[in-house]
Structure formats: C-alpha cells, structure tokens
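A.B. asks: One structure, pasted below without further comment.
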Amino acid sequence: MKDHGQVVAELTADIRAARPAMTRVAAGVRELLETGAWQEFTGPGGELVEHGELVEFVTADPPRGLGITPGLMRALVAEDLDTAARLDQALLAAPAVTSAVTSAPPAEAQEAQEETPARETPALRRLREDAPALHSRVVAGEMSTNAAMVQAGFRPKTISVPVSRPETAARALRNNMPRQDLVELVNLLSAEL
C-alpha cells in the first residue's frame, strides 16, 4: 500500500505533466470557437460532417465530434477565463427550437437559460471568475445561480419561515439551522420577552 506522501507526489507529478497539454487544449478550443471549425469539417474518411449546435459537436463520438460532455470541456479550459467565457457563450447560443407542443422547463433550468453571457448577471460573472466548477453547473442547468452562490460561500443561506403557526416556524428553523445557532436564537428570543 502506498503511503500518503507517495500518493501526493504522484498526483503532483501528473498535474505538472498535464499543464502543457491543458494550455494546448485551451488554445485549440479558442481556435475552434474563433474559426467555427466545429460547424462543418471533413472527417478522416472524406465524409462531410456538419453540426448545428456546439453541444452536438462536443458530445458526438469521434471522428464526428469530441465525445466528451460539455462539463468536461468547460473544465479543460477553466483556467483560461476568456476561452471559458467564449465557450459558455457558444454553448448557450443554441438555436431556438419550436414545436407544436411545448412544456415549461423546471424553474432552476429556466433560470440558467435566462442568464446568458450576453446579459450575464454579477452573480454569474463572480461564479465564472471565482468558482468555475459551480459556474459550469449553473450554465448546464444543474443548479440555480443562487444555490451555487450559497455553496461557494458568496451568499448566506436563507429560507422562508411561515409565521402563521409557531410549530411550523420552529420546524423550518430546526431543519435548517445548526443546534448551536438554535440555542443562541432561543436565548435571544427569551431575553426579548
């Protein structure tokens, strides 16, 4: 069994070895986006490959695409903030699809769709710059901007507490506050009575 120092040393060496490749990947993604090469190209067998949406190209199996998830592609370029922002903008710029029957997306996914880089909110910009992994999850519709801001520690967690029934308020607070904070709250409330 390896000792912990050996595990850390091996991981450090792997990261050091991967850095030049990550820089090349970010440069390649930047060029891909600038040239639009993903939209139409000739595959290895001379076949013309066309994609209408970047996400379609990213997820298509090689040689028709990259065969990865949008989240992995974002992670690969996360350190290059300019390329990461361009990638997010391109992934969100999917053409609108109309159909005879439409259904409303879940609220969190709808919130993520509404926050495109063209009108990027300060919260989304902060996540992109300071918490790129959470930013990617918001853009992918996996979580709301508010949930990501709370998880990153940029906003305090808040809840709605119904005040019409004391037992309901107490349950909401018990379910969402640490014991120590509840004890402090009880002391503050009883001191005020």
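The values are calculated or read from the model by the stated rules, or taken from the named source; none is laboratory data. Computed from a predicted model, the values in this text were never measured in an experiment. Glycine also receives a Cβ, built like all others from the backbone with ideal geometry; neighbour counts cover every protein chain displayed. Side chains included, ligands, DNA and RNA excluded: accessible areas come from the protein's heavy atoms. Shrake-Rupley method; radii C 1.70, N 1.55, O 1.52, S 1.80 Å.
A.B. asks: For every helix of n ≥ 4 consecutive DSSP H residues, a contribution of -39,500 (n - 2.57) applies; sum these over the chain, divide by its total residues, and give [θ] at 222 nm rounded to the nearest 500 deg cm²/dmol. Write out the running numbers ahead of the final one.
C.D. replies: On the way: 10 runs with 116 residues, N = 193.
Value at 222 nm, helices only, nearest 500: -18500 deg cm²/dmol.
A.B. asks: Tell me, what % of the accessible area of the chain is carbon and sulfur with a 1.4 angstrom probe? Kindly include the intermediate steps, with their values, before the conclusion.
C.D. replies: Details: 7260 of 13070 Å².
Whole-percent figure for carbon plus sulfur exposure: 56.
A.B. asks: Residue separation times 0.36 nm, minus the C-alpha to C-alpha distance between Asp130 and Ala172: what's the value? Don't skip to the end; give the middle numbers.
C.D. replies: Values: separation 42, 0.36 × 42 = 15.12 nm, distance 3.13 nm.
Gain on extension, Asp130 to Ala172, equals 12.0 nm.
A.B. asks: I've got another one for you. Could you report the chain's accessible area per residue, 1.4 Å probe, as an integer in Å²? Spell out each step's value before the answer.
C.D. replies: Numbers: 13070 Å² over 193 residues.
Per residue, the chain has an accessible area of 68 Å².
A.B. asks: Over the chain, what is the mean sequence separation of C-alpha contacts under 8 Å (at least six apart), divided by residue count, expressed as relative contact order in percent? Present the calculation step by step, with values, prior to reporting the outcome.
C.D. replies: On the way: 159 pairs, mean separation 24.0, N = 193.
Computed over the chain, the figure is 12 percent.
A.B. asks: Across the range 55-62, in residue order, what do the Karplus-derived ³J(HN,Hα) couplings come to in whole Hz, using 6.51 cos²θ - 1.76 cosθ + 1.60 with θ = phi - 60° and x for Gly and Pro?
C.D. replies: 4, 5, 5, 4, 8, 5, 5, x
A.B. asks: Looking only at the range 11-55, which residues have a backbone nitrogen under 19 Å from a spot 7 Å from the Cα of Lys2 in the C-beta direction?
C.D. replies: 11-19
A.B. asks: Sticking with this structure for a sec: Between [x] 1.00; [y] 1.23; [z] 1.42, which matches Cα Rg over 2.2 N^0.38 Å calculated for the structure shown?
C.D. replies: Correct label is [z].
A.B. asks: Run the numbers for Leu81 and Glu50: contour at 0.36 nm per residue of separation, minus the present Cα-Cα distance, in nm.
C.D. replies: Details: separation 31, 0.36 × 31 = 11.16 nm, distance 2.78 nm.
Separation in residues times 0.36 nm, less the Cα-Cα distance, equals 8.4 nm.
A.B. asks: Give the ranking of Lys157, Lys2 by solvent-accessible surface, highest area first, calculated with a 1.4 Å probe. Could the numbers behind the result be given before it?
C.D. replies: On the way: Lys157 130, Lys2 105 Å².
Heavy-atom accessible area, descending, gives Lys157, Lys2.
A.B. asks: Additional query: Where q = 0.12, 0.20 Å⁻¹, what log10 of I(q)/I(0) comes from the Debye formula for the range 1-99, counting one point per Cα?
C.D. replies: The Debye formula, applied to the Cα set alone, gives -0.50, -1.02.
A.B. asks: Please work out the C-alpha center-to-center distance from the range 127-193 to the range 3-82 and express it in whole Å.
C.D. replies: Taking the Cα centre of the range 3-82 as reference, the centre of the range 127-193 is 36 Å away.
A.B. asks: For the pair Thr42 and Arg19, what calculated FRET efficiency results from E = 1/(1 + (r/R0)^6), where r is the Cβ-Cβ distance and R0 = 41 Å, to the nearest 0.05?
C.D. replies: 0.80
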